[in-house]
Amino acid sequence: MQQPGLIVLFGSGETSASGRRVFDWLFQRSPRPVRVAVLETPAGFQPNSAHVAAEVADFLRARLQNYHPDVTVVPARRRGTPFSPDDPQVVAPLLTADVIFLGPGSPTYAVRQLQGSLAWQTLVARQRLGAAIVLASAATSAAGIVALPVYEIYKVGEDLHWAAGLDLLGACGLKLVFVSHWDNHEGGETLDTSRCFMGQARFEELRRQLPADATVAGIDEHTALVIDSAAALCQVMGRGGVTLLHGGAARRYSTGQAFALAELGDFQLPAPQAGIPDAVWHAVQAAGAAPAAPSPRIVPPQVLVLLHRREEARARRDYATADDLRQQMAGLGWQVDDTPSGPALKPK
């Protein structure tokens, strides 16, 4: 039975050096050549949305060139136009994509254009059949049960409120609110722009508007939260950390740490076709969209601890200890390869 694909949520920095390392890690776990679809929708309201998507596509082709990725931009910009997310010809590249990316733009615009659309239904079906979904910035904030109206509040001055979200993981029994740019500090000393430009005081008021059983996942800039629903594990990668808020409790996980998916709520794997129309499901299956083999799962926490200790030993030139730690990881079933972008783990 095909396992669902990974979900990677960036707080920001998807085309930075830390973002490249996350994509490198992901592409190692993808079929070759990696087929990537960059969905233009979140920035579709901007006159230069094609340029925004092309920058991401060019980054993947240039900075991950050793994987020879086959990158296609999907110009699903706006409903009711020739570039509609409901047009089968526009959406077609999603049918066979191994990695689907959505990034900067407006969270509320992304929801309006994607909610119930052919593009979104196809994306969900692909993830259920093994494709990885990578969201960044606006797309991350749109993926929960509610979306943060960043532009409307921060730029226009509307009252504090939440908008409907895409609820990517609702079928898994999770009630999640994703907040990107969690540690933003562009406002300097005079304006608190953390919590995706809301600031702590305004965000606490926004939290009071959320359902009591919702969990907030605040993702720092240049940081990614990786969700492996098949293994029921999460992992933090990049430069910062992830903050989970539920009720009166707050938990913080730093880069390199892994934690149980149950920390996000009462998780359960949905039926593969749950919520997906028959026509969409059959179209995805007919396209042969499932990857040739299941992706390797997230590295166990104990292996990550050994890897971190090995990097410390190598930094102080204690190669005997480093070799011993390599053997310990091998004993747990994981091989470490030293690459120009850092150590890479893979199952033996």
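The values are calculated or read from the model by the stated rules, or taken from the named source; none is laboratory data. From a predicted model like this one, the values you see are computed outputs, not experimental measurements. We place every Cβ from the backbone using ideal geometry, glycine too, and count neighbours over all the protein chains shown.
For the structure I just gave you, tell me whether Ser12 is among the hydroxyl-bearing types (Ser, Thr, Tyr), assigned by TED's automatic domain parsing to the domain that holds Gly240 and more than 21 Å from Val111 (Cβ to Cβ).
no
Return a yes/no flag: does the range 34-42 have any residue that is part of a helix (DSSP H, G or I) and surrounded by 16 or more Cβ atoms within 10 Å (Cβ to Cβ).
Yes: the range 34-42 contains one or more residues that are part of a helix (DSSP H, G or I) and surrounded by 16 or more Cβ atoms within 10 Å (Cβ to Cβ).
From Glu14, Glu55, grab the single residue that is in contact (Cβ under 8 Å) with a residue 24 or more places away in the chain, under 25 Å from Gly240 (Cα atoms) and surrounded by fewer than 18 Cβ atoms within 10 Å (Cβ to Cβ).
The conditions single out Glu55.
Residues to consider are Leu60, Leu114; find the one that is touching a Phe, Trp or Tyr at 6+ places or on another chain (Cβ under 6 Å) and either within 13 Å of Ala136 (Cβ to Cβ) or assigned by TED's automatic domain parsing to the domain that holds Gly144 (or both).
Exactly one residue qualifies, and that residue is Leu114.
Looking at the range 172-193, which of its residues are among the aliphatic types (A, V, I, L, M) and assigned to a loop (DSSP other than H, G, I, E, B)?
Selection gives Leu174, Leu191.
Out of everything in the range 79-110 that is surrounded by 24 or more Cβ atoms within 10 Å (Cβ to Cβ) and hydrophobic (A, V, I, L, M, F, W, C), what residue ends up being farthest from Val34 (Cα to Cα)?
Looking at residues that are surrounded by 24 or more Cβ atoms within 10 Å (Cβ to Cβ) and hydrophobic (A, V, I, L, M, F, W, C), I get Ala110.
So Ala217 clears everything in (1) in contact with a helix residue (DSSP H, G or I) (Cβ under 6 Å, 6 or more places away or on another chain); (2) in contact (Cβ under 8 Å) with a residue 60 or more places away in the chain; (3) surrounded by 23 or more Cβ atoms within 10 Å (Cβ to Cβ) except one condition, right? Which one?
(1)
Go through the range 151-171 and give me each residue that's part of a loop (DSSP other than H, G, I, E, B) and either touching a residue at least 40 places away in the same chain (Cβ under 8 Å) or not assigned by TED's automatic domain parsing to the domain that holds Leu269 (or both).
Matches in the range 151-171: Leu160, His161, Trp162, Gly165, Leu166, Leu168, Leu169.
For the list (1) more than 27 Å from Trp25 (Cβ to Cβ); (2) in contact (Cβ under 8 Å) with a residue 12 or more places away in the chain; (3) not in a helix (DSSP H, G or I), I need the number of the one condition that Thr72 fails.
Here Thr72 clears every test but (1).
Could you list, in sequence order, all residues of the range 194-238 that are farther than 18 Å from Ser141 by Cα and assigned to a helix (DSSP H, G or I)?
Within the range 194-238, Ala201 is the sole residue that qualifies.
Out of all the residues in the range 71-93, is one or more within 21 Å of His222 (Cβ to Cβ) and touching a Gly at 6+ places or on another chain (Cβ under 9 Å)?
Checked the range 71-93: no residue is within 21 Å of His222 (Cβ to Cβ) and touching a Gly at 6+ places or on another chain (Cβ under 9 Å).
Being under 13 Å from the mean Cα position of the chain (by Cα) and either on the phi > 0 side of the Ramachandran plot or outside the structural domain of Phe197 (by TED's automatic domain parsing) (or both) is the filter here, so list the residues in the range 120-150 that pass it.
Residue satisfying the conditions is Ser137 alone.
Which one of these does Arg77 not meet: (1) in a helix (DSSP H, G or I); (2) in contact with a helix residue (DSSP H, G or I) (Cβ under 9 Å, 6 or more places away or on another chain); (3) among the basic types (Lys, Arg)?
If we test Arg77 against (1) in a helix (DSSP H, G or I); (2) in contact with a helix residue (DSSP H, G or I) (Cβ under 9 Å, 6 or more places away or on another chain); (3) among the basic types (Lys, Arg), just (1) comes out false.
Considering only residues that are more than 10 Å from Ile100 (Cα to Cα) and not β-branched (Val, Ile, Thr), look in the range 121-136 and name the one that is surrounded by the fewest Cβ atoms within 10 Å (Cβ to Cβ).
Of everything passing the filter in the range 121-136, Leu129 is surrounded by the fewest Cβ atoms within 10 Å (Cβ to Cβ).
Could you tell me whether Ser295 is in contact with a strand residue (DSSP E or B) (Cβ under 9 Å, 6 or more places away or on another chain) and modelled with pLDDT of 90 or more?
No: the conditions fail for Ser295.
Checking the condition at pLDDT 95 or above and assigned to a loop (DSSP other than H, G, I, E, B), which residue from Phe45, Phe27 passes?
Testing whether each residue is at pLDDT 95 or above and assigned to a loop (DSSP other than H, G, I, E, B) leaves just Phe45.
Go through the range 314-342 residue by residue and tally those that are surrounded by fewer than 18 Cβ atoms within 10 Å (Cβ to Cβ) and part of a helix (DSSP H, G or I).
Of the residues in that region, 11 qualify.
Residues being under 14 Å from Arg239 (Cβ atoms) and in a loop (DSSP other than H, G, I, E, B): count how many of those fall in the range 1-14.
So the answer is 2.
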